[in-house]
1. Can you give the accessible area of LYS240 in Å² (nearest 10), computed on protein heavy atoms with a 1.4 Å probe?
2. Quote the charge dipole size of the stretch 173-271 about the Cα centre in Debye, to the nearest 20; the model charges only the Cβ of Lys and Arg (+1) and of Asp and Glu (-1).
3. Please calculate the 1.4 Å probe accessible area of TYR369, with all protein chains present, and give it to the nearest 10 Å².
4. Scan around GLY223 for amide H atoms under 5 Å from its own, H built in the peptide plane at 1.01 Å from N, and keep only partners 5 or more places away or cross-chain.
5. Mind jotting down the three principal axis lengths of the stretch 1-79 based on Cα atoms? Whole angstrom, largest first.
6. Given +1 on the Cβ of Lys and Arg, -1 on the Cβ of Asp and Glu, and no further charges, what dipole in debye does the stretch 37-139 carry about its Cα centre, rounded to the nearest 20?
7. With label points built 7 Å along Cα→Cβ from the Cα atoms of ARG383 and GLU349, find their separation and express it in nm.
8. Just the accessible area per residue of the stretch 53-118, please: how many Å² with a 1.4 Å probe?
Amino acid sequence: MSSVEEFRAEIRGWLAGHLTGEFADLRGRGGPGREHEAFAERRAWERHMAAEGWTCVGWPEEFGGRGATLEQQVAFHEEYALARAPARVNHIGEQLLGPTLVAFGTPEQRARFLPRIVAVDELWCQGYSEPDAGSDLANIRTRAEREGQGSAGGDWLVTGQKIWTSLAHESDWCFVVARTDQGSRRHHGLSYLLVPLDQPGVEIRPITQLTGTSEFNEVFFDGARTGAGNIVGAPGDGWKVAMATLGFERGVSTLGQQVGFRQELEAIVALARSNGAARDPLIRDRLARAWTGLETIRCNALRMLDGVAAGAPGPEASIGKIFWATWHRELGELAMDVCGADGMLAAGEPYDLDDWQRLYLFSRSDTIYAGSNEIQRTIIAERVLGLPKEARP
């Protein structure tokens, strides 16, 4: 196994040598609020990465990964972001579902699904949130029942609605948390099912966002089928498996995300200098506070890696989530103030946004998705500080 610096140099050199030719124009494409950009081309790029052995680098070698150490995974995500390589289309499969199947899946599930994630042959989305179960995930109403109760081979039939489902319209499969014990309440009686989307009984409706784009979706299940073997863990284990998936979501890739944040901040500083906004002492103060906040985010992320090394981040990860989400939302507001009156004008008809307008609008969602700020505060209070639990029905 190469050292971290050797690994970093290897991926840096590979990116420099391969983000060329047909892939050269993909630098900086995609990402939050821009997932519509060159999606097919970005998927082709990621399949090229797979052919060269650069997908799922942190997975064990026996499952198609490189077995990279935690430090090497951090180096990979940082170098990928520094190269301005295109936003990944397979993030949910690679970073969320794959590690979940490694930890909880059966040998048959691993053999069926993991190679197709590595090769970027099947894309995944996450079926958690519902209209009445967003941040309150335990309030799930989507249900799943076995066809022909008592039959060992009957399919699961899924009925219900999911919302804010990222990239469902581009995905082949969805991992769905559904209530399989119809008399249960809260986090009891839930199960974690793998459901194909290209079938009767599944309807996907993209949601038009403030940015004018539609990476979020509503997904309706009306008796949608999935095989009896497509349940991860035992019936009723859904809450435990779903929480593990959320832990993987806050893993090493967040270090690459912060490189992107730094690039945004540097560009805003450059804009403030060029248009004269930096002469305003209040703007200068906010730019300085944004820089110190970014350093704090990195320190929190590095501290959280201890939890990742132990298997998954603990509740302390909520500290990092609430801090970076609030910081990034405020960065969007700062960008608009640096732009001044020009920030009120669309770049073109009918609703062509520039990078700063898109940052401002999309970052409003940062404090909502992946657990709202309010939910993160509750987790910190109860699980980190040990305060009395909030009253629940």
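1. 110 Å²
2. On the way: 8 positive and 10 negative charges, 79 e Å.
For this selection, approximately 380 debye.
3. Accessible surface of TYR369 is approximately 80 Å².
4. Result for GLY223 returns VAL158, THR159, GLY160.
5. Cα spread of the stretch 1-79 along its principal axes, largest to smallest: 36, 24, 23 Å.
6. Numbers: 9 positive and 16 negative charges, 55 e Å.
It works out to roughly 260 debye.
7. Distance between label points: 5.1 nm.
8. On the way: 2330 Å² over 66 residues.
That works out to 35 Å² per residue.
The values are calculated or read from the model by the stated rules, or taken from the named source; none is laboratory data. Note that the structure is a prediction, hence the values are computed from the model and not measured. For neighbour counting, all protein chains shown are included, and Cβ atoms are generated from backbone atoms with ideal geometry for every residue, glycine included. Please note that ligands, DNA and RNA were not included when accessible areas were found on the heavy atoms of the full protein model with its side chains. Shrake-Rupley method; radii C 1.70, N 1.55, O 1.52, S 1.80 Å.
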